[in-house]
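Notes to accompany the following structure.
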2 protein chains.
Amino acid sequence: MAAVLAGVDIGGTKISVVIADESGHVLGRGRRKSKPERGFAGVMARVQETVDEACMNAGVLRSALSAVGVGAPSPILPDGTAVSAVNMGWTNVPLTEALSELLGLPTFAENDCNVGTFGEYTFAGRSGTLVGLFMGTGLGGGIVKNGVIQSGDHFLAGEIGHMTIVPDGRPCGCGKLGCLEAYASKTGLAYEFKQAIWLEKKASVLPDLVDEGGLDNVKSSLLRRAWDERDDVTRAALKRAARYIGIAAGNLITLLGPSAVVLGGGVMDALGDELLPLVRKSAEEHAFPAASYRSTAIELASLGDDAVALGAVAYARSRMA
Amino acid sequence: MAAVLAGVDIGGTKISVVIADESGHVLGRGRRKSKPERGFAGVMARVQETVDEACMNAGVLRSALSAVGVGAPSPILPDGTAVSAVNMGWTNVPLTEALSELLGLPTFAENDCNVGTFGEYTFAGRSGTLVGLFMGTGLGGGIVKNGVIQSGDHFLAGEIGHMTIVPDGRPCGCGKLGCLEAYASKTGLAYEFKQAIWLEKKASVLPDLVDEGGLDNVKSSLLRRAWDERDDVTRAALKRAARYIGIAAGNLITLLGPSAVVLGGGVMDALGDELLPLVRKSAEEHAFPAASYRSTAIELASLGDDAVALGAVAYARSRMA
């Protein structure tokens, strides 16, 4: 019988689990709020519950799983330590150890955007070097080369969202200035929305569309709606974000010459058809040499919302091999 | 008997050759103007003469050499084609084939800054990932990981000098805007010197120091002299260049997490003691996360003027192995 694995996506808001076979075919799902305020042990207990829920939905026993893959919002050391997850409030927590004990299964954890890129690499049949850029609340990225996640000599790198893209630019949540994430993420969009609507008093449908979160974290589906209603403020902010993603993609092509750059995350899942041509145009303007740009495919990611959870399945499978 | 090799550095102005043993001990040298106006065949003939001159000085027969390594200012494909060398006027020339026929020896060509970085990796006993940044007339770079030059899936990448460092910034000789090279190279310094001296009418010792080349290509030794004379224009331009190199180094640390970044090239050879602390400070400000910066050594290159020629020796040796 083919192996069945669990893939866990631990985020600041929610935990998502898929149960899948080796080819990424999903057999069942689970989802819970992550409630990071309950501390590391509290979140680990919720991961266990979510895995068990997904197993129930898939009709498999947890003990029948071959392995568990985990994507978490932190650099992860080879021993499974999550070094720093700001949204979770974690510093140097033993993520792999805690989960493998709780679940009684071989467990393999990696950075969420790294496994997201790894999933695209595996299930979309990529080869060579693949760069993943995921635009959601933040801007995460990953680099996979010849089937191996590239996180640098000290397992802390691949932080594409924190490249300085504008020297002395906008403040980023990380404390630096001018990071890509400060321009090309929902956080960056919020900055532009407030500037346009509050300071420059521009007309926009956004204030009427958004609910409790206000302009700080507009749902991707609402961004889509505002775009489709030809809202100038929304379109200008998204076009600007696409341009900066293109600059980053251009730099990554100049430096790394990947075979492909894939664009994912909530904003891209909702608006990729509109944004992809803009990202390509900007990447072409900024990549060197031109031949390197022409050799790199810039495409939308294929796994959508499941990118991290399915990527975690692919990662766990690769570690079992 | 240990192998003896030739290392050839082909530049827009001069050809330099070293004859060296496997540990990089130099036995003899040759040097000639490259005269690119004589065309590809003309330059190849001059390379042959320079190799023969270096063999004479080393007291070895050309036929006794094990191999020839070549660093040239172009991306080089695996078949030895030099894709595009703007300073030489070459497009898709069969560099390796031409030289191996002329010299009657196994010949291995690579991009000059790639072999420069490879030489630092080999002879300075580096491991893991090494990034090399060479500041001279231009700003060249290379990435070596676990002893392998990283030039991307299509052998065109690693062009660190053409990362966009300032969106919509200064024009670069490559036709793009805001490349690192437009800020951190002698070309970038010339821009600042002219701005300060011609437009802003600032006082400077530079116009009296420079000879025929004017402000466009001030010799590194004269930059050193002007720095030592506390020339404000010179110091401000060099400090600014060091800051931009630090931004690039910070981005490379954020993305690739190398064990070391080494700084070489004529300007660094002359002024590295003054510029290194400034580059480090700027890299620390711009790298993410902080732990990644602390895990990366930022140091001056050790091979000086011989970086490319000795790097070519190391590269040829590695290809023979």
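The values are calculated or read from the model by the stated rules, or taken from the named source; none is laboratory data. Keep in mind it's a predicted model, so treat the numbers as computed, not measured. Backbone-built Cβ (ideal geometry, glycine too); neighbour counts: all protein chains shown.
Restricting to the range B:278-305, name every residue that is in contact with a Ser or Thr (Cβ under 6 Å, 6 or more places away or on another chain) and touching a residue at least 40 places away in the same chain (Cβ under 8 Å).
B:286
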* Structure fact -> Expected single match for within 14 Å of residue A:139 (Cβ to Cβ), touching a helix residue (DSSP H, G or I) at 6+ places or on another chain (Cβ under 8 Å) and surrounded by fewer than 21 Cβ atoms within 10 Å (Cβ to Cβ) among A:224, A:240 is A:240
* With the condition kept exactly as written, say whether any residue in the range A:248-258 is of a type in the set (Ser, Thr, Tyr), within 20 Å of residue A:164 (Cα to Cα) and facing chain B (nearest Cβ under 10 Å). => yes
* To do: Determine the pairs where a residue that is more than 9 Å from chain A (Cβ to nearest Cβ) and free of Cβ contacts under 8 Å to residues at least 40 places away in the same chain, located within the range B:159-175, has a partner that is crowded, with 24+ Cβ neighbours inside 10 Å and assigned to a loop (DSSP other than H, G, I, E, B) with Cβ atoms under 7 Å apart, the partner being 6 or more residues away or on another chain.
  => B:170/B:183
* Structure fact -> A careful count of residues in the range B:217-234 that are within 25 Å of the chain's Cα centre (by Cα) and of a type in the set (D, E, K, R) gives 4
* Determine which single condition residue B:145 fails, assuming it passes every other condition in (1) farther than 21 Å from residue A:282 by Cβ; (2) within 12 Å of chain A (Cβ to nearest Cβ); (3) surrounded by 24 or more Cβ atoms within 10 Å (Cβ to Cβ). => (3)
* Structure fact -> Looking across the range A:73-94 at residues that are over 19 Å from the mean Cα position of the chain (by Cα) and outside any loop (DSSP other than H, G, I, E, B), the single one that is farthest from the other protein chains (Cβ to nearest Cβ) is A:94
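One line per residue, one yes/no per condition, for (1) buried (at least 18 other Cβ atoms within 10 Å of the Cβ); (2) in contact with a Gly (Cβ under 8 Å, 6 or more places away or on another chain):
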residue	(1), (2)
A:10	yes, yes
A:14	no, no
A:18	yes, yes
A:28	yes, yes
A:43	yes, no
A:47	yes, no
* Scanning for something at pLDDT 95 or above and in contact with a Gly (Cβ under 7 Å, 6 or more places away or on another chain), does the range B:87-95 turn up at least one residue? -> yes
* To do: Just give me the residues in the range A:37-69 being farther than 18 Å from residue A:107 by Cα and among the polar types (S, T, N, Q), in sequence order.
  => A:57
* For residue A:39, indicate whether it is modelled with pLDDT of 95 or more, touching a Pro at 6+ places or on another chain (Cβ under 8 Å) and not aliphatic (A, V, I, L, M). => no
* Enumeration of residues in the range A:146-158 that are in a strand (DSSP E or B) and either without any contact (Cβ under 8 Å) to a residue 24 or more places away in the chain or within 17 Å of residue A:305 (Cβ to Cβ) (or both) -> A:148
* Structure fact -> Note on the range B:1-40: residues touching a residue at least 60 places away in the same chain (Cβ under 8 Å) and in a helix (DSSP H, G or I) are none
* Structure fact -> Only unsatisfied item for residue B:241, checking (1) over 30 Å from residue B:147 (Cβ atoms); (2) in contact with a Leu (Cβ under 7 Å, 6 or more places away or on another chain); (3) more than 14 Å from chain A (Cβ to nearest Cβ), is (3)
* To do: Inspect the range B:124-134 for any residue being in contact with a Leu (Cβ under 9 Å, 6 or more places away or on another chain), assigned to a loop (DSSP other than H, G, I, E, B), at negative phi and within 11 Å of chain A (Cβ to nearest Cβ) and give the result as yes or no.
  => no
* Residue in the range B:212-226 that is hydroxyl-bearing (Ser, Thr, Tyr), touching a residue at least 12 places away in the same chain (Cβ under 8 Å) and away from chain A (no Cβ under 14 Å) present -> yes
* Structure fact -> The one condition residue A:114 fails out of (1) within 13 Å of another protein chain (Cβ to nearest Cβ); (2) more than 16 Å from residue A:248 (Cα to Cα); (3) modelled with pLDDT of 95 or more; (4) in a loop (DSSP other than H, G, I, E, B) is (4)
* Count of residues meeting criterion [touching a Gly at 6+ places or on another chain (Cβ under 6 Å), of a type in the set (A, V, I, L, M, F, W, C) and either more than 9 Å from chain B (Cβ to nearest Cβ) or part of a helix (DSSP H, G or I) (or both)] in the range A:283-318 -> 12
* To do: Look through A:60, A:43, A:70 and report the one residue that is touching a residue at least 24 places away in the same chain (Cβ under 8 Å) and assigned to a loop (DSSP other than H, G, I, E, B).
  => A:60
* Asked: Among the residues of the range B:37-64, which ones are β-branched (Val, Ile, Thr) and in contact with a Ser or Thr (Cβ under 7 Å, 6 or more places away or on another chain)?
  -> B:43
